[in-house]
Amino acid sequence: MKKKKWFSIGLATVAAVFLIACGNKANSANGQDKWDAIVERGTLKFSTSGTLFPQSFHQKDDNELTGYDVEIIREVAKRLGLTVNFTEMNIDGMFAAVNSGQIDIAGISIDRNGENADKFLYTTPHKYSYGAMIVRQSDDSGIKTLEDLKGKKAAGAATTSYMKVAKKFGAELVVYDNVTNDQYLTDVANGRTDVILNDFYLQSMATKALPEIPVKVHNIFYNPSEANFALQLGNDVLAEKVNQTLEEMRKDGTLKKLSEQFFSGQDVSVEKDYDFQVIDISDVE
């Protein structure tokens, strides 16, 4: 009888171990363990550029990090009972940091039809926009159509969708590593580069903030776009909690309020109907 009893206990122990192992695998698969670790330390690790006005930048008076993306994440974290630990880096650095688990979430947008769509999780959009370009005021940098990008020097961060548009139309790519708007715009003005392809709202805000630099936003528009936050694959629990909080912020008007604060009264949190040229860059490496 003792042997039978021992054997029964042994089976129960094995079963318990098996259930625990399966439970750990399930938790790991859906990101529950990652969420538990975030809750335990009480902080959300967020990576941002710190140079992307008005979404992520430093105030001139006190050098405090702020911006549309920054304040959204601060509010998301607050509603989740967390504080935010900010790390500033370039786009490629953010991708690597998210992939390795060094950070929990990054202020970079994943194109739902782009090459990274199946490599990362991404949140619901908090900003809607479309592509534009900055050129010299004096001569539009010799650009009248997208086809005129051929042979022009296009400035931007590596691997962005905007640089792929420039490459598709034959521009010479001049890669910058997380520099501020004044350097970007000055280089176009003095002829070191010819054009910057990027987000319309970001470009319109940058040119308004630096009116002394003789550049402008061209009236050529393309590719409606969305801004979201990127997470590591498998971090489903955090993604779900962030999405739920963003939806609450959309419904209670917080996203609109933050948008109007940083985008001069414009509400970029609402999707609009655009009739712009859609450029397929799926074949651009």
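Brief remarks on what is shown
- Karplus-derived 3J(HN,Hα), 6.51/-1.76/1.60, for each residue of the stretch 141-158, Hz, glycine and proline x: 6, x, 10, 10, 9, 4, 5, 6, 5, 4, x, 7, 8, 9, 9, x, 7, 5
- Dipole-positive endmost among N85, Q266, L210 within the chain (Cβ charges, Cα centre): N85
- One chain, two ends: D118 and N219. Fully extended at 0.36 nm per residue, the span grows by 33.0 nm beyond their Cα-Cα distance.
- Relative contact order, whole percent, for the stretch 175-271 stands at 16, derived from Cα pairs under 8 Å and 6 or more residues apart.
- Overall form of the stretch 223-285 per C-alpha gyration tensor (a/c, 1.5; a/b vs b/c): oblate
- Taking every Cα-Cα distance in the stretch 35-86 and sorting them into 10 Å bins starting at zero, the pair-distance distribution P(r) comes out as 26, 48, 23, 3 percent.
- Cα-centre dipole for the stretch 147-223 with unit charges at Cβ (Lys and Arg positive, Asp and Glu negative), debye to 20: 220
- For the stretch 99-212, the relative contact order works out to 29 percent when only alpha carbon pairs closer than 8 Å and six or more residues apart are counted.
- Measuring spread by the Cα atoms of the stretch 155-218 yields a radius of gyration and Dmax of 11.1, 32 Å.
- Cα shape, the stretch 60-157, gyration tensor, a/c 1.5 rule: prolate
- Long hydrophobic helices in the chain: the complete DSSP H runs spanning 15 Å or more by Cα along their own axis with mean Kyte-Doolittle hydropathy of at least 0.0 are 2-30.
- Convex hull volume per residue in cubic angstrom - Cα atoms of the chain: 154
- Among residues other than W35 with Cβ under 10 Å from its Cβ, the summed charge is -4 (Lys and Arg +1, Asp and Glu -1).
- Mean-square fluctuations from a GNM of the chain, with a 10 angstrom spring cutoff on Cα atoms, peak among P54, P125, P214 at P214.
- Cβ charges +1 (Lys, Arg) and -1 (Asp, Glu), total dipole of the stretch 127-285, debye: 320
- Think of each Lys and Arg Cβ as +1 and each Asp and Glu Cβ as -1; about the Cα centre, that makes the dipole of the chain roughly 1420 debye.
- Amide proton proximity set for Y176, modelled H, under 5 Å, gap of 5+: G156, A157, A158
- Charge dipole of the chain about the Cα centre (unit charges at C-beta), most positive-ward option of L197, S56, V39: V39
- For the chain, the carbon plus sulfur part of the accessible surface works out to 52%, probe radius 1.4 Å.
- Near Y130, the amide H atoms lying under 5 Å from its own belong to F200, Y201, S225; only residues 5 or more places off or on other chains count, and H is placed 1.01 Å from N.
- Radius 11 Å from Cβ of N219, net charge of other residues (Lys, Arg +1; Asp, Glu -1): +1
- Positive-end residue of Y68, T186, G142, charge dipole of the stretch 49-195 with Cβ unit charges: G142
- Helical contribution to [θ] at 222 nm, DSSP H n ≥ 4, -39,500 (n - 2.57), averaged over the chain, rounded to 500: -12500 deg cm²/dmol
- Mean Cβ count within 10 Å, highest first, over the residues of peptides 111-124, 236-249: 236-249, 111-124
- Rounded Å value of the spacing that divides the Cα centres of the stretch 120-172 and the stretch 223-241: 24
- Shape of the stretch 51-111, Cα gyration tensor, a/c cut at 1.5: oblate
The values are calculated or read from the model by the stated rules, or taken from the named source; none is laboratory data. Computed from a prediction, not measured in an experiment: that's the story for all the values here. FYI the Cβ positions are ideal-geometry reconstructions off the backbone, even for glycines, and counts take in every protein chain you see. In case anyone asks, the SASA skips ligands and DNA or RNA and just uses the protein heavy atoms, side chains included. Shrake-Rupley method; radii C 1.70, N 1.55, O 1.52, S 1.80 Å.
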